[in-house]
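*Asks:* Here you go, one structure.
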Ligand code: CA
């Protein structure tokens, strides 16, 4: 990572009190717009004293609960309700959000695998570098809102890594409890360190994500989970006035390694034999792959490798080798 400052600039002053809405601007000189800009919405609502919370969505452009919830929050939140600072970026990978894609149509980069970013990289790499060097150092608490996207669907879940620091762990568990999703999932194994949540932890903050719904859509129910989670987190950390909206405590789960996943071994049409949220057992049939090009070939049977709960399922029936069909979780003991 370069020590030079990010080339991206916000047109609002993140150190000022009050409510400001503006844009993070990235110069993007292309054929149809030689002096063009990419302008990504940002809001900052600050008042009194208190911690800084960074709220982000659209890290993957085809995950909609967070984008809608944060646009609504940006429009309605007023400084009088706030003690501290709330920085909102509703469409982190802005070009991906405009296109309804997981990755940017400009550079094909997945922002949530691009941290710590590259100062002089592609637009998505430059945005990761801006978040890493400008936004994360401001924030003691972060929430990055995700969903399953176009290819996956999740049981509504809050999600975090499991930091080495005991105090960070306690703070994260408390946020899982107030967030109000059905599940609270902790990734205890060696998970990818190129994500925003991993970057946040590197900066010493308390960073949590959520995976709510998916399938390239949003529903009233999934949006409710996102909006309640955001508000409860803000109230819990003392940045927003109000009461925590009660919700049943989440079932705390762990996602582990290879045996927590079912992958397609071949190209074909998937006939799943399970439902999202189902309790499954080792050896149980997960589904069959049917072969359009070889109608005489017997379907290939897939099986679950362990007793667990299905927390995430693939949405499209067309599969290729390496496509994740199901992700499992087990109770955290
Ligand atoms: Ca995602």
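*Asks:* Quick one: if you take sqrt(5λ) for each eigenvalue of the C-alpha gyration tensor of the stretch 1-134, what semi-axes come out, biggest first, whole angstrom? Don't skip to the answer; put the middle values down first.
*Replies:* Details: eigenvalues 127, 56, 38 Å².
That gives 25, 17, 14 Å for the three semi-axes.
*Asks:* Further question: Kindly work out what percent of the DSSP beta bridges joining two residues of the chain are antiparallel, to the nearest 5.
*Replies:* Numbers: 48 of 73 bridges.
If I count the DSSP bridges inside the chain, around 65 percent turn out antiparallel.
*Asks:* Quick one: of the DSSP bridges fully inside the stretch 1-102, what percent are antiparallel, nearest 5?
*Replies:* Working: 18 of 23 bridges.
The antiparallel proportion sits near 80 percent.
*Asks:* Have a look at the chain and give its Rg and Dmax from the Cα atoms, expressed in angstrom.
*Replies:* That works out to 20.5, 71 Å for Rg and Dmax.
*Asks:* At 7 Å along Cα-to-Cβ for each site, give me the label-to-label distance between residue 169 and residue 33 in nm.
*Replies:* Result: 4.8 nm between the two label points.
*Asks:* May I ask for log10 I(q)/I(0) of the stretch 260-331 at q = 0.11, 0.24 Å⁻¹, from a Debye sum over the Cα atoms as equal point scatterers with solvent left out?
*Replies:* At q = 0.11, 0.24 Å⁻¹ the computed log10 ratios are -0.24, -1.02.
*Asks:* Let me know the shape class of the stretch 69-174, please: from the alpha-carbon gyration tensor, a ≥ b ≥ c as square roots of the eigenvalues, rounded when a/c is under 1.5, otherwise prolate if a/b is greater than b/c, or oblate. Don't skip to the end; give the middle numbers.
*Replies:* Working: a/c = 1.36, a/b = 1.29, b/c = 1.05.
Rounded shape, in that the Cα axes give a/c under 1.5.
*Asks:* Below 8 Å, C-alpha to C-alpha, sequence gap of six or more: please give me the relative contact order for the stretch 9-254 in percent.
*Replies:* Numbers: 601 pairs, mean separation 49.5, N = 246.
It rounds to 20 percent for the stretch 9-254.
*Asks:* Further question on the same structure: How far is it, in nm, from the label point at residue 247 to the one at residue 221 when both lie 7 Å from their Cα along the line to the Cβ?
*Replies:* Distance between label points: 1.4 nm.
*Asks:* Just want the ordering: 172, 101, 92, from fewest to most Cβ atoms lying within 10 Å of their own Cβ. Let's see the in-between values first.
*Replies:* Details: 172 22, 101 18, 92 29.
Listing 172, 101, 92 from fewest to most nearby Cβ atoms yields 101, 172, 92.
*Asks:* In what sequence do 102, 301, 194 fall when counting other Cβ within 10 Å, fewest first?
*Replies:* Values: 102 20, 301 11, 194 16.
In order of increasing Cβ crowding within 10 Å: 301, 194, 102.
*Asks:* Oh, and also: So, in nm, how far is label residue 14 from label residue 261 when the simple model puts each one 7 Å beyond its Cα toward the Cβ?
*Replies:* 3.2
Read the figures in this text as sums done on the coordinates, not as results from a lab. The structure presented is a predicted model; accordingly, all values stated were derived computationally and were not measured. Positions of Cβ are generated from backbone atoms using ideal geometry, with glycine treated the same way; all protein chains shown enter the neighbour counts.
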